[in-house]
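Here is the structure we will look at, set down as structure tokens.
The values are calculated or read from the model by the stated rules, or taken from the named source; none is laboratory data. What you are looking at is a predicted structure, and each value in this text was computed from that prediction instead of being measured. Cβ placement follows ideal geometry from the backbone for every residue including glycine, while neighbour counts extend to all protein chains displayed.
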Amino acid sequence: MTSGGLRHDDDGLVCDDFADPVLELTHLLRQASGIEHSVALAYLYAAFSVKDRYLPVRGSLGPDDYGLRRIGAHGSQALTAPTDLLQAATQEMQHLAYVNEFLRILGSPPQMASYEFPFAADLFPFPIALRALDRPAVATFLWLEADEAKLASGRRRTPETEPAAFVDEVRAEIAKVGGPSVDQDRVDHFGSVYGSIMEVAQRVADAPPAWLEKDHEWHAWIDRMHLVLMQGEISHYLMFRSIFTGAAFTDDHQPDPGIWVDPSSARYPSIALASGTAWRARPHTIQPENARRLAWLGNLHYWILLGMLDLSFRSVDLKLRYAAVDQMTLALWWIGLDLAQGYGVGMPFDQLAQSYAFGRDEKIARRVLTQLVLEAKTQIEKLGADGLLPANYETSVVELALASLQ
Amino acid sequence: MGIFDLPRVHFHGHFAVNPGTGNNDSISPGTGFVSTADSQRVQPMIGNMTPDEFKTWIRQLTPFPAAPGLNLLRGQWNLMGDMTLKFLDVEVVSVQTTVGEVITDPAVDPLIGASVTLEHAFLCDNNPEGFNTTQIFSDALVVRSHIDRPAFGAASVFQSRHPTCATTRGINWYRNVSFHGTSANESSGGAGGASAGFQSSIEVKPEDLLDAAAEGTSLEIAQHRLLAGPYSPAIRALVAVLGDTARRPRGLTFRYNLYLSFPQMSDAEMAAEFAAGRDTENPAVGLVLGTIAPWFDGEPASATVGRKLNPTTSYVNPYRTDHKPYFLAPLVARVDPTLQNVSIDVSNTFPEDGPDADKYFMGDVTLGLRDATPPATDPNINAAPISTIGVIDNTKDAFVSHGGVVDISYAGLAPDLRARLEGGDAELVISTSANGPLLYEVEHQFESDSQCNYLDEPAPGSTWADVLPTLHVPTRPVPLQGRTPLVVYRRGVPVTGPMSLTVEQWRMTPTGDEDQVGFYRWPRLLERRTVDLTFDAGWGDYELEPAAGTPGLRLFRFVPPTYWPQERMPDQLDNQIFSESVAMVRVLPYDDYSQLIANGPTFADVYREVFMYYDLIVPAMNKRLNMSDPTIWNTPATAEYVLRSTNEAIWSTTTYMPRTRDLSACRRALLVAFCGQVIRTHAGDAAADAALAAAGLVTQ
């Protein structure tokens, strides 16, 4: 699957498929939503694989991960704090929320579906995959988050570009991923999408159609998109750079690329993960069966979470957004960790549908979601009876979800 | 000094303000209405009603005693307001890099036409029943020029750091002589005839001015970069000033005046909306005029200081048949001997006439100079001749294009007059040919740089003397420190040394009579004392010790020995508060929840003691999270949110909750106990301990 319609020419992303800027902006935001979602999953998947000894790189659930946060000028102090993989994933989810808020203002339904993995975006010169943390994976993350100068080569190099040897090293690692090689002149990164969003949003702001909300704070939304872009290009980039060089894993934070040399070494940052699906009777169904059962429960929580977010963005109901956070912090995080650390299996994040609007109207969507929660409850009871639930998994997540859907 | 330094960037446009009015209680100074909330106890006045009955009741019309035949909403004009403040189409209208030159052509400077917004701005009243204690919080001042001709180096956008809180500077009840909003008296929010000034300041770091030097190492710097470029002379000048360390720059200050603001729907129309089941918001839309200028070390963040002019006497408003006296609002001036220039901030001063904001014609308006009025003496008996310094162009176009800042050169005046102007023995006067002198210079300008403050009532057995010293911690938000920084200038010069002055303390809230609920009563003088303070380069501070034990709002009136009048009648104080030097402190109530906390508070406890007030009186909060729905508040994600958002460490930011800033320490303790319990139940002890620690609390 491609990112659909995101094209680029020699100068970067092209965003003129629609003559009408509102249609173009909606299209771009939907693409951004899918990418944010996919990247959040990729970061989470990688985080699950990080060895316990490197907890500061993986990240731990902390107070900041339990609630909704807002990026903004005053919050910039917090954004300068060292970032870990969990925080980066959390921030991508926040970006997902921002993008969907913006979509709502444009009158569009939420976009909660991820892309299927591996996600071969025609925006990026490699597929985005769910991979255990290894150096090629980190190189792709670096590429995603880099601004247009950092990893440029040839005529696009600027004073802000990384040393040529570093750029070559990153590109060489990306080439190992198996996708097409990195075009020497290609400049598109995550920021390209947001740069285009800001440009088109400005066009909408200059002449907003009458059917959109009157007196809308267009500039505030453009600024928020700018902050999202900066968080990636600065904060996330620096984190992945320190992981790529090995500095994130050393006590003195000095680069140690040797840490990536031997996957069998105790020093190696991550464990290998077997990937597959939790759907049964597929060519790549997860083995062993106990891991598959746990992964299936993980899928249920993931789908419940997406269904709740979909409902929340349709109805502006923050209650369901908090309930969705509970699904992550009380259940999904612990399942992902247990699958990786206990079974050597990656959380599949299987996609259920193209849309997570589970009903033709809100009432029915709540009913269907409730059924999904009850399905999870049944699974929890069976796994619990077999002693297969992770130690930190909170079974009360079911009651909380049911209460929030009443 | 303040907004007078160059370069100046002036902006203008419309704003929308969406305050919640459920706790207003009174309509205007001296005019009581329905008491819906007990501001002392921070509780709804629910009586024998159930919460649902109260929700219906507060959304209904009731006769307005002051105007027989008129019905107004009990919750007043915007019960559903969420307290946001939005700049709608606000743009830079002009820039000034030199005195006397006003650039309005975007071809000369691409900053002209740039949009100006306040990110996530909202307002809350320190005194929910009062009129002059509005605080404005925001995340950032954002200026956005056209992308093809960026004003900030290669960037078209400047996004500031967190602006300091702005507080009402001079509520002016006399701003429009003929227009009070399209609903006229059919709205409880007939404020179209009023205005008020606000001022915030913003830190700019030296690194912000460096081209990409810190890029890649600090998002905080990258986010707030302020760079000169080829296109904007004003930004080049600004960056040069901010980079001149000899001048000790701190950043930017911006002052804005909000006027001609009124709600779009009448109370009767709103009542119909409520009756139809629609919780409609009714924001007021008005005009904003403002100025951005450099901010220097030693200057207050929330006010411009210099030489202050107060009203002498009233003038006759020909539109009023009730002969209500009208006054010009005070202004601040600066005399700059280097530039031989007097700058005057008239943004809040001269009245408009009608809905189009045309200036009310008052004849020729002149700035003059006369021998100073003797200390503490009525300026109206000062018969000294007035020498004209210059003429003020009191037209709408001039007002807007200059951002309300008038420059008058005195280079051409006779040497002796120039010397008197720059000396300390003469006073500035604003006169109109129609009414004579209407403003005169007071000898001392006295300003609190933290006008709106909060304290918690001491527990039984404890006194203010015990409590206040523990609050004087520099790392706490200044409004919570139990003291206010004061700035005093004498005819434009900062005062150094001891100063004896009178400090009065008034009870402002509740405005309802304690013995006759709902009956308005004027502020009540509680105490008058003489204090000796010491100032250093204009700065001192004053401990805000409430005089009596009950919660509510206290106003401290600072009266230098030179000030006239030394004493005010209560109604005068309320109506002419704009002339006074004041600081407020809201005392939040003490409640003993020790037993509830020991027993483990239930949601019903938390609702009754904390959430019910917001559910009924500030119902906009329900639009995001329903305050009466236990399923929301019993989830760990929400509990974490409550702990984080009520943390004192973020009190000065826009994410602090409740926005009303009326959550007492006791009630927060109750909430914390409840939230800790929720997290412990659902997410385990480790998560609860971490959450409580992050919230600045010792784990239990």
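None of A:LEU320, A:LEU306 is within 14 Å of chain B (Cβ to nearest Cβ), surrounded by 17 or more Cβ atoms within 10 Å (Cβ to Cβ) and in contact with a helix residue (DSSP H, G or I) (Cβ under 9 Å, 6 or more places away or on another chain) except A:LEU320.
Scanning the stretch B:611-627 for residues that are part of a helix (DSSP H, G or I) and either hydrophobic (A, V, I, L, M, F, W, C) or away from every other protein chain (no Cβ under 14 Å) (or both) gives B:PHE611, B:MET612, B:TYR613, B:TYR614, B:ASP615, B:LEU616, B:ILE617, B:PRO619, B:ALA620, B:MET621.
Part of a helix (DSSP H, G or I), closer than 20 Å to A:LEU44 by Cα and within 14 Å of chain B (Cβ to nearest Cβ): does that describe A:LEU330?
Working: part of a helix (DSSP H, G or I): yes; closer than 20 Å to A:LEU44 by Cα: yes; within 14 Å of chain B (Cβ to nearest Cβ): yes.
Judged against the criteria, A:LEU330 is a match.
Taking first residues from the stretch B:650-662 that are at the interface with chain A (Cβ under 8 Å from one of its Cβ atoms) and partners that are surrounded by fewer than 19 Cβ atoms within 10 Å (Cβ to Cβ) and part of a loop (DSSP other than H, G, I, E, B), the Cβ contacts under 7 Å between residues at least 6 apart in sequence or on separate chains come to B:THR655/A:ARG70.
Which one of these is more than 27 Å from B:ALA194 (Cβ to Cβ), within 12 Å of chain A (Cβ to nearest Cβ), charged (D, E, K, R) and assigned to a helix (DSSP H, G or I): B:ARG608, B:ARG644? Walk me through it before giving the result.
On the way: B:ARG608 fails: within 12 Å of chain A (Cβ to nearest Cβ).
Sole residue among the options that is more than 27 Å from B:ALA194 (Cβ to Cβ), within 12 Å of chain A (Cβ to nearest Cβ), charged (D, E, K, R) and assigned to a helix (DSSP H, G or I): B:ARG644.
Highlighted here are the strands (runs of 3 or more DSSP E) found entirely within the stretch B:33-126 that include at least 3 residues which are in contact with an Asp or Glu (Cβ under 9 Å, 6 or more places away or on another chain): B:71-73, B:91-96, B:115-119.
In the set (1) exposed (fewer than 15 other Cβ atoms within 10 Å of the Cβ); (2) more than 22 Å from B:VAL342 (Cβ to Cβ); (3) touching a residue at least 24 places away in the same chain (Cβ under 8 Å), the condition left unmet by B:GLY363 is number (2). Being within 14 Å of chain A (Cβ to nearest Cβ) and either surrounded by fewer than 24 Cβ atoms within 10 Å (Cβ to Cβ) or touching a residue at least 60 places away in the same chain (Cβ under 8 Å) (or both) is a property that holds for B:GLN159. Check whether at least one residue in the stretch B:687-698 is within 9 Å of chain A (Cβ to nearest Cβ), buried (at least 23 other Cβ atoms within 10 Å of the Cβ) and more than 33 Å from the chain's Cα centre (by Cα), and report yes or no. Checked the stretch B:687-698: at least one residue is within 9 Å of chain A (Cβ to nearest Cβ), buried (at least 23 other Cβ atoms within 10 Å of the Cβ) and more than 33 Å from the chain's Cα centre (by Cα). For the stretch B:630-641, the set of residues classified as surrounded by 18 or more Cβ atoms within 10 Å (Cβ to Cβ), more than 7 Å from every other protein chain (Cβ to nearest Cβ) and either under 27 Å from B:GLY75 (Cβ atoms) or within 26 Å of the chain's Cα centre (by Cα) (or both) consists of B:TRP633 only. Within the stretch B:127-148, residues that are without any contact (Cβ under 8 Å) to a residue 12 or more places away in the chain and within 14 Å of chain A (Cβ to nearest Cβ) have Cβ atoms under 9 Å from residues that are among the small types (Gly, Ala, Ser) and part of a loop (DSSP other than H, G, I, E, B) in these pairs: B:ILE147/B:SER156; B:ASP148/B:SER156, counting only partners at least 6 apart in sequence or on another chain.
One residue is enough: does the stretch B:525-543 have a residue meeting the conditions on the phi > 0 side of the Ramachandran plot and at pLDDT below 95?
The answer is no; no qualifying residue exists.
Scanning the stretch B:17-32 for residues that are assigned to a loop (DSSP other than H, G, I, E, B) and closer than 16 Å to B:GLY190 by Cβ turns up B:PRO19, B:THR21, B:ASN24, B:PRO29, B:GLY30.
Suppose we filter A:GLY342, A:GLY336, A:GLY359, A:GLY298 for residues that are farther than 19 Å from A:TYR43 by Cβ, in a helix (DSSP H, G or I), of a type in the set (Gly, Ala, Ser) and away from chain B (no Cβ under 14 Å); which single one remains? Before the answer, list the steps.
Numbers: A:GLY336 fails: farther than 19 Å from A:TYR43 by Cβ; A:GLY359 fails: in a helix (DSSP H, G or I); A:GLY298 fails: farther than 19 Å from A:TYR43 by Cβ.
The match here is A:GLY342.
On the given criteria, is B:VAL102 within 14 Å of another protein chain (Cβ to nearest Cβ) and not acidic (Asp, Glu)? Answer is no for this residue.
Is it the case that the stretch B:218-230 has a residue that's away from every other protein chain (no Cβ under 14 Å), at pLDDT below 95 and touching a strand residue (DSSP E or B) at 6+ places or on another chain (Cβ under 7 Å)? Walk me through how you get there before you give the answer.
Let us first name the residues in the stretch B:218-230 that are away from every other protein chain (no Cβ under 14 Å), namely B:227-230.
Filter once more, so that each one left must be at pLDDT below 95: B:227-230.
Subset that is touching a strand residue (DSSP E or B) at 6+ places or on another chain (Cβ under 7 Å): B:227, B:229.
Yes, the stretch B:218-230 contains at least one residue that is away from every other protein chain (no Cβ under 14 Å), at pLDDT below 95 and touching a strand residue (DSSP E or B) at 6+ places or on another chain (Cβ under 7 Å).
The rows are residues; the columns are (1) closer than 17 Å to B:GLU203 by Cβ; (2) of a type in the set (Val, Ile, Thr); (3) buried (at least 20 other Cβ atoms within 10 Å of the Cβ); (4) at pLDDT 95 or above.
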{"residue": "B:ARG236", "(1), (2), (3), (4)": "no, no, no, yes"}
{"residue": "B:VAL239", "(1), (2), (3), (4)": "yes, yes, yes, yes"}
{"residue": "B:LEU252", "(1), (2), (3), (4)": "yes, no, yes, yes"}
{"residue": "B:ALA275", "(1), (2), (3), (4)": "no, no, no, yes"}
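Taking the criterion of being buried (at least 22 other Cβ atoms within 10 Å of the Cβ) and touching a residue at least 60 places away in the same chain (Cβ under 8 Å), the residues of the stretch A:338-356 that qualify are A:LEU339, A:ALA340, A:VAL345, A:GLY346, A:MET347, A:PRO348, A:PHE349, A:TYR356.
Scanning the stretch A:195-224 for residues that are small (Gly, Ala, Ser) and either within 20 Å of A:ASN100 (Cβ to Cβ) or at the interface with chain B (Cβ under 9 Å from one of its Cβ atoms) (or both) turns up A:GLY195, A:SER196, A:ALA201, A:ALA205, A:ALA220.
Return the only residue of B:ASP139, B:ASP148 being surrounded by fewer than 24 Cβ atoms within 10 Å (Cβ to Cβ) and more than 23 Å from B:LEU260 (Cα to Cα). Even if it seems obvious, please write down each step before you answer.
Numbers: B:ASP139 fails: surrounded by fewer than 24 Cβ atoms within 10 Å (Cβ to Cβ).
None of the other options fit; the residue is B:ASP148.
One residue alone among B:ARG491, B:ARG529, B:ARG507, B:ARG524 is surrounded by fewer than 16 Cβ atoms within 10 Å (Cβ to Cβ), in contact with a Lys or Arg (Cβ under 6 Å, 6 or more places away or on another chain) and in contact (Cβ under 8 Å) with a residue 24 or more places away in the chain, and that residue is B:ARG524. One residue stands out in the stretch B:367-407 among those that are touching a Pro at 6+ places or on another chain (Cβ under 9 Å) and part of a loop (DSSP other than H, G, I, E, B): the one that is surrounded by the most Cβ atoms within 10 Å (Cβ to Cβ), namely B:THR373. In the stretch B:308-355, the qualifying residues are those that are out of contact with any strand residue (DSSP E or B) (no Cβ under 9 Å at 6 or more places or on another chain) and in contact (Cβ under 8 Å) with a residue 40 or more places away in the chain, and the one that is nearest to B:PHE254 (Cα to Cα) is B:PRO337. Scanning the stretch A:231-246 for residues that are under 16 Å from A:GLY59 (Cα atoms) and aliphatic (A, V, I, L, M), we see that the one that is farthest from the other protein chains (Cβ to nearest Cβ) is A:ILE243.
Quick check: is even one residue across the stretch A:308-327 under 18 Å from B:ASN626 (Cβ atoms) and not in a helix (DSSP H, G or I)? Checked the stretch A:308-327: at least one residue is under 18 Å from B:ASN626 (Cβ atoms) and not in a helix (DSSP H, G or I).
Residue selection: A:GLU36 fails the criterion of being within 14 Å of chain B (Cβ to nearest Cβ) and modelled with pLDDT of 80 or more.
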